1. Considering each residue of segment 15-48, count those that are within 17 Å of THR61 (Cα to Cα) and at pLDDT 95 or above, and give that number.
2. Which of the residues belonging to segment 182-215 are among the hydroxyl-bearing types (Ser, Thr, Tyr), within 29 Å of the chain's Cα centre (by Cα) and part of a strand (DSSP E or B)?
3. Say whether the condition of being aliphatic (A, V, I, L, M), surrounded by 15 or more Cβ atoms within 10 Å (Cβ to Cβ), in contact with a strand residue (DSSP E or B) (Cβ under 9 Å, 6 or more places away or on another chain) and in a loop (DSSP other than H, G, I, E, B) is met by at least one residue in segment 84-96.
4. Considering only segment 180-189, state which residues are closer than 19 Å to TYR233 by Cα and surrounded by 12 or more Cβ atoms within 10 Å (Cβ to Cβ).
5. Kindly provide the set of residues from segment 171-181 that are outside any strand (DSSP E or B) and within 23 Å of the chain's Cα centre (by Cα), ordered by number.
6. Just a yes or no: is a residue in segment 153-168 at pLDDT below 90, closer than 30 Å to PRO38 by Cα and not assigned by TED's automatic domain parsing to the domain that holds LYS22?
7. Could you list, in sequence order, the residues of segment 55-87 that are closer than 14 Å to SER117 by Cα and in contact with a Leu (Cβ under 9 Å, 6 or more places away or on another chain)?
8. State whether one or more residues within segment 63-80 are at positive phi, at pLDDT 95 or above and in a loop (DSSP other than H, G, I, E, B).
Amino acid sequence: MPGSETLFRSQLQQVSPLQVVKGNAAANRPMILRFTPPGPGCIKEFPMKSSLNNIEKYTSTLHFALYNEHTGEYEAEMDYSWNLGSSPSYTSFETLQLNLCFSGGFTYRLEVSTTDSHYNATASYLSSADLVGRFTTESYTADTTGVLTRTVQCGEARMDGIVLVHYRMIGTGGSLSLAWDGAAIPPSRTGNITTIDGNTVAEMEFRRNAAVPATTSPQLNARCNLGGEIALYSWGTAAV
C-alpha cells in the first residue's frame, strides 16, 4: 500500500509518556499512544527518546500491549529487554525492534509499561521521521495466505480424529480449509463459542472419520479476501 508507512506514522498520537520512579514501582506511569489504522499491518520498529538518571542496574524490561478499543481485547503483547547502557545518567534516541500486528479500521491503544524501579526515566515516542528510527508497518492486501502445519504424535494408530479451530473473521473475511496427511477434510460444523476470557469467537470443526496414523500432520490453510482478515486464536487436534 503506497505511502501507508507515512500515513500510519502521521496519525499515531501519544497520550502520555512513560514515567519510571526509582524505588517506587507503584508510581510508574505507562506511555500510551492511540491510532486508527486504515488497514492491517504490524509495528516492526518503535522510535523512542528516553531521559534516564540514577541508574543502578543497566537492564530493564518494557512491556508492550496493543488494546483494541472496539472489542475490548488485548490483541498482542510482548516484553522487550531494554539495555540501559553503562552511564548512570543520559538521554538516548533509539529504535526498538517489535512485532505487534493489528487489524484495520479499529482504534487501538498502545501501552508501554514497566514494573522496574531501579532508575528514574521519562520516555516518549518519536513522531518525526527526521529523527532516529521509524514507525514501520507491513500492510497486507488481497489474497494474503497463510499455512500452519503441526505434527502430532498419537503413540499408536487411532480410529478417528478431530481438529477444532477458533478464529474471527474481520471485514470481508476469507476462508479456512484443512488438509490432513495430504487429504482435504471439509468442515463438519461451524458455530460460535465464548472463551474462558468471555470473548466470543467462531469455532470450526473438521472430522476425519477415518483411521489416524501414530504420527499425523494436519495442515490449516487460510486465505483472506480483499479487505478481509482472519484472526486465528487457537487450533488443536484430538484422536480417539
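1. Final tally of qualifying residues: 16.
2. Those that are among the hydroxyl-bearing types (Ser, Thr, Tyr), within 29 Å of the chain's Cα centre (by Cα) and part of a strand (DSSP E or B): THR190, THR194, THR200.
3. Yes; the residues of segment 84-96 include at least one that is aliphatic (A, V, I, L, M), surrounded by 15 or more Cβ atoms within 10 Å (Cβ to Cβ), in contact with a strand residue (DSSP E or B) (Cβ under 9 Å, 6 or more places away or on another chain) and in a loop (DSSP other than H, G, I, E, B).
4. Once the filter is applied, which keeps residues that are closer than 19 Å to TYR233 by Cα and surrounded by 12 or more Cβ atoms within 10 Å (Cβ to Cβ), segment 180-189 yields only PRO187.
5. If the condition is that a residue be outside any strand (DSSP E or B) and within 23 Å of the chain's Cα centre (by Cα), then THR172, GLY173 are the ones that fit.
6. The answer is yes, given that some residue of segment 153-168 is at pLDDT below 90, closer than 30 Å to PRO38 by Cα and not assigned by TED's automatic domain parsing to the domain that holds LYS22.
7. ILE55, LYS57, TYR58, THR59, SER60, LEU62, TRP82, LEU84
8. Checking segment 63-80: not a single residue is at positive phi, at pLDDT 95 or above and in a loop (DSSP other than H, G, I, E, B).
The values are calculated or read from the model by the stated rules, or taken from the named source; none is laboratory data. Nothing here was measured: the structure is a model prediction, and the numbers come from that model. A quick note on method: Cβ atoms are made from the backbone with ideal geometry, for glycine too, and the neighbour counts reach across all protein chains shown.
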